[in-house]
Amino acid sequence: LSDRVADYEEYVEAWAHEIKTPIASAKLTMENHPGPASDSVAEDLDAIERFVEQALYVSRSDSVEKDYILRKVALDEVVFAAVRRYAKLCISRHITVQTEGLDGTVYTDGKWLEFILGQILINAIQYAPPKQGCIRIHACWHADSVVLSVTDNGAGIPLQDLPRLFEKGFTGHNG
């Protein structure tokens, strides 16, 4: 990487860590002053926090080898951590989350897996049908692999969007 790119990555990382302090402070203020307005502001702060985290992960994505550490982790712990992060949002939107087959360990970077699951969950939550959304997280264990599936009853992804789904910054037909 050029020095300029490295400097920019360092700046984004520092900014992401610095912005977390006022977000945490604002969340604490909202918790100490409960009410409908505070709930709405707290939800917005959660969204800001997700965007900051996403910026941090994207800034690291070109140098994953520095940040990616494979370890033996309990799959259910990683999945439940991601689900807990979005529990308030699921509850407020009446979305149920069902899990199955998560008992066991896998070799992965738990932090990155939790981030990826979080991105999938937030999209599922965003496009869930009002008051009847359901997200299902299921693991299917094989002799030498595990397939983790996340399904929902949301709008789905139009076929024309599928080839571009993993392009950085792509926003599909449904938004």
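The values are calculated or read from the model by the stated rules, or taken from the named source; none is laboratory data. In this text the structure is predicted, and so the values were computed from the model without any measurement. Note that each Cβ is placed from the backbone with ideal geometry, even for glycine, and that neighbours are counted across all protein chains shown. Side chains are part of the model used for accessible areas, which takes the heavy atoms of the whole protein and leaves out ligands, DNA and RNA. Shrake-Rupley method; radii C 1.70, N 1.55, O 1.52, S 1.80 Å.
Looking at this structure, is Ile125 open to solvent by less than 50 Å² (accessible area, probe 1.4 Å) and in contact (Cβ under 8 Å) with a residue 24 or more places away in the chain? It would help to see each step written out before you state the result.
Details: open to solvent by less than 50 Å² (accessible area, probe 1.4 Å): yes; in contact (Cβ under 8 Å) with a residue 24 or more places away in the chain: yes.
It is true that Ile125 is open to solvent by less than 50 Å² (accessible area, probe 1.4 Å) and in contact (Cβ under 8 Å) with a residue 24 or more places away in the chain.
Given the structure, is Leu148 open to solvent by 50 Å² or more (accessible area, probe 1.4 Å) and touching a helix residue (DSSP H, G or I) at 6+ places or on another chain (Cβ under 8 Å)? Don't jump to the end; show me each part of the working.
On the way: open to solvent by 50 Å² or more (accessible area, probe 1.4 Å): yes; touching a helix residue (DSSP H, G or I) at 6+ places or on another chain (Cβ under 8 Å): yes.
So Leu148 passes the test.
Under 6 Å by Cβ, and 6 or more places apart or on different chains, what pairs join a residue from region 156-170 that is farther than 18 Å from Ala55 by Cβ with one that is open to solvent by 70 Å² or more (accessible area, probe 1.4 Å)?
Pro158/His173; Asp161/His173
From (1) touching a Leu at 6+ places or on another chain (Cβ under 8 Å); (2) surrounded by 16 or more Cβ atoms within 10 Å (Cβ to Cβ); (3) at pLDDT 80 or above, pick out the condition that doesn't hold for Thr105.
Against the list (1) touching a Leu at 6+ places or on another chain (Cβ under 8 Å); (2) surrounded by 16 or more Cβ atoms within 10 Å (Cβ to Cβ); (3) at pLDDT 80 or above, Thr105 comes up short only on (2).
Scanning for something outside any loop (DSSP other than H, G, I, E, B), of a type outside the set (A, V, I, L, M, F, W, C) and over 22 Å from the mean Cα position of the chain (by Cα), does region 9-24 turn up at least one residue?
In the first step, residues of region 9-24 are kept if they are outside any loop (DSSP other than H, G, I, E, B); the result is 9-24.
Okay, now just the ones that are also of a type outside the set (A, V, I, L, M, F, W, C), so 9-11, 13, 17-18, 20-22.
The next check asks that each one be over 22 Å from the mean Cα position of the chain (by Cα); those that pass are 10-11.
Yes: region 9-24 contains one or more residues that are outside any loop (DSSP other than H, G, I, E, B), of a type outside the set (A, V, I, L, M, F, W, C) and over 22 Å from the mean Cα position of the chain (by Cα).
Taking region 73-102, which residues are open to solvent by 50 Å² or more (accessible area, probe 1.4 Å), of a type outside the set (Gly, Ala, Ser) and out of contact with any strand residue (DSSP E or B) (no Cβ under 7 Å at 6 or more places or on another chain)?
Glu77, Phe80, Arg84, Arg85, Lys88, Ile91, Arg93, His94
Would you confirm whether or not region 158-172 contains a residue that is small (Gly, Ala, Ser) and over 24 Å from Asp46 (Cα atoms)?
Applying the first criterion (small (Gly, Ala, Ser)) to region 158-172 yields 169, 172.
If we keep only those that are over 24 Å from Asp46 (Cα atoms) too, we end up with none.
Within region 158-172, not a single residue is small (Gly, Ala, Ser) and over 24 Å from Asp46 (Cα atoms).
In region 20-47, what count of residues is obtained for those that are out of contact with any Asp or Glu (no Cβ under 7 Å at 6 or more places or on another chain) and open to solvent by less than 50 Å² (accessible area, probe 1.4 Å)?
The first filter runs over region 20-47 and keeps only residues out of contact with any Asp or Glu (no Cβ under 7 Å at 6 or more places or on another chain), leaving 20-22, 24-47.
Next cut, open to solvent by less than 50 Å² (accessible area, probe 1.4 Å) only: 26-27, 30, 35, 38, 42, 45-47.
The number of residues fulfilling the criteria is 9.
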